[in-house]
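Take a look at the structure below.
Nothing in this text is a laboratory measurement; each read-out follows from the coordinates by a stated rule. In this text the structure is predicted, and so the values were computed from the model without any measurement. Heads up, the Cβs are rebuilt from the backbone with ideal geometry, glycines too, and the neighbour counts pull from every protein chain shown.
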Amino acid sequence: MVTGLVLVRLMSGNEKEALQKIKDTMGVSHVAAVFGRWDLVLDMETQDLPTLSSTVVDQIRTIPGVLSTETLVTTAI
């Protein structure tokens, strides 16, 4: 199991539609709205790193209204 945080910047005016599609994406376990440079923080859980990568690149980044993402792969301390 690979977990990560994905920071998402949204386009103004398309937030609701993009948020619903993000919530429906397989692997997204939690979504939090935040203030600042990023609009959302996604908690992700996938079976491996290639799946996490393809989910972000091929699914989340292609959602209309998503401007950019930054992925932080988490590790146990």
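DSSP loop (so not H, G, I, E, B), at most 16 other Cβ within 10 Å: list which trypsin sites (Lys or Arg not before Pro) in segment 1-59 pass both filters. Write out the running numbers ahead of the final one.
Numbers: sites: 9, 16, 21, 23, 37; in loops: 37.
Listed in order of number, the matching sites are 37.
Taking 8 Å as the Cα distance limit and 6 or more residues as the minimum spacing, I'd like the relative contact order of segment 2-73 as a percentage. Don't skip to the answer; put the middle values down first.
On the way: 122 pairs, mean separation 35.9, N = 72.
Relative contact order here is 50 percent.
Add -39500 (n - 2.57) for each DSSP H run of 4 or more in the chain, then divide by its residues: what number comes out at 222 nm, to the nearest 500 deg cm²/dmol? Write down the numbers at each step before the final one.
Details: 2 runs with 15 residues, N = 77.
So the calculated ellipticity at 222 nm is -5000 deg cm²/dmol.
Around residue 2, what is the net charge, scoring Lys/Arg as +1 and Asp/Glu as -1 over all other residues with Cβ under 10 Å from its Cβ? Please report the intermediate quantities before stating the final value.
Values: positive: none; negative: 45, 48.
Computed value for this residue: -2.
With only Lys, Arg, Asp and Glu charged, each at its Cβ (+1 for the first two, -1 for the last two), find how big the charge dipole of the chain is about the Cα centre; round to the nearest 20 debye. Walk me through the numbers on the way to the answer.
On the way: 6 positive and 9 negative charges, 41 e Å.
Using only the charged Cβ atoms, the result is roughly 200 debye.
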